[in-house]
1. Do we find a residue being surrounded by 15 or more Cβ atoms within 10 Å (Cβ to Cβ), at pLDDT below 90 and in a loop (DSSP other than H, G, I, E, B) anywhere in the range 199-206?
2. From I125, I162, I133, grab the single residue that is at pLDDT 90 or above, part of a loop (DSSP other than H, G, I, E, B) and over 14 Å from the mean Cα position of the chain (by Cα).
3. I'm told N81 meets every condition in (1) under 19 Å from L131 (Cβ atoms); (2) surrounded by fewer than 23 Cβ atoms within 10 Å (Cβ to Cβ) except one. Can you identify the failing condition by its number?
4. The conditions are (1) aliphatic (A, V, I, L, M); (2) within 11 Å of the chain's Cα centre (by Cα); (3) closer than 20 Å to S66 by Cβ, and L112 fails exactly one of them. Which is it?
5. Restricting to the range 165-198, what's the tally of residues that are part of a strand (DSSP E or B), modelled with pLDDT under 85 and under 22 Å from T96 (Cβ atoms)?
6. Which one is nearest to I125 (Cα to Cα), of the residues in the range 62-109 that are touching a Cys at 6+ places or on another chain (Cβ under 9 Å) and of a type in the set (V, I, T)?
7. Considering only residues that are buried (at least 18 other Cβ atoms within 10 Å of the Cβ), of a type in the set (S, T, N, Q) and closer than 17 Å to N108 by Cβ, which ones fall in the range 36-62?
8. Please go through the range 1-42 and give me each residue that is under 17 Å from S75 (Cα atoms), assigned to a loop (DSSP other than H, G, I, E, B) and not hydroxyl-bearing (S, T, Y), ordered by number.
Amino acid sequence: MSFDCVNMERINLSSFNTKNVERMNWFFSGCNSLTSIDITNFNTSKVYRAGNLFNQCRSLTSIDVSHLNTSRMESMGGMFNGCINLKSINLSNFDTSNTIDISSMFANCHSLEFINLSNFDTRNIRYIYMLFIDCKNLKGVDVSSFDTSNVEMMHLMFEGCINLEFLNITNFVFNSGLVGDYYYSMFDDDAKLHLIITSNFYYNILDLNSYLEAIDENVTII
């Protein structure tokens, strides 16, 4: 609806009744000049697609999504992609139990430093690739509860997170039959990164070491 409204600085959505809306993908995409968006009145109980919702909203420094009902959302891919000035996002209320796609959800969020995703239910998620790609200032992210047993594509997930030092992926499951296009360059260019893992992988520990050496020799396993 507001796609590529590059010069729009403000928008009043207080009169919107969205109770029957099912798709909101690309709603604010390309609204480069929007400094704030108030969607606290949005009813998203029927929304199942919200991919690229705030894509390339470059002037946003914060966004209140605490009122979004995400219980039916299957697609959130690229939701905050390119929000280069977004410094924080509170997603503690997000219900991802029916979500399939969160690929590129926080891609290119250059100002984001910390994010807590411990409440994310990832049991049904299949696409998680490029999730944090080029989050250059990301210092902390909690993905310790992630269950990746049904994930098919994880490539470039943390690529370019040059300030990320520790990552707990103890619950991650890697299917050795999907090595290659599915997992390539997951941690590329992450020179400071130390991975915290256990041996509960479909890889054995030697295979995992060899794999990490192939994609980034600077990654350290703890």
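The values are calculated or read from the model by the stated rules, or taken from the named source; none is laboratory data. Here the structure is a predicted model, which means the values were calculated and not measured. Methodologically, a virtual Cβ is constructed for each residue, glycine included, from the backbone with ideal geometry; neighbour enumeration extends over all protein chains shown.
1. Scanning the range 199-206, I find at least one residue that is surrounded by 15 or more Cβ atoms within 10 Å (Cβ to Cβ), at pLDDT below 90 and in a loop (DSSP other than H, G, I, E, B), so the answer is yes.
2. I162
3. (2)
4. (2)
5. Residues that pass the stated criteria total 0.
6. Result: I89.
7. N52, N55, Q56
8. The answer is V21, E22, M24, N25, W26, F27, F28.
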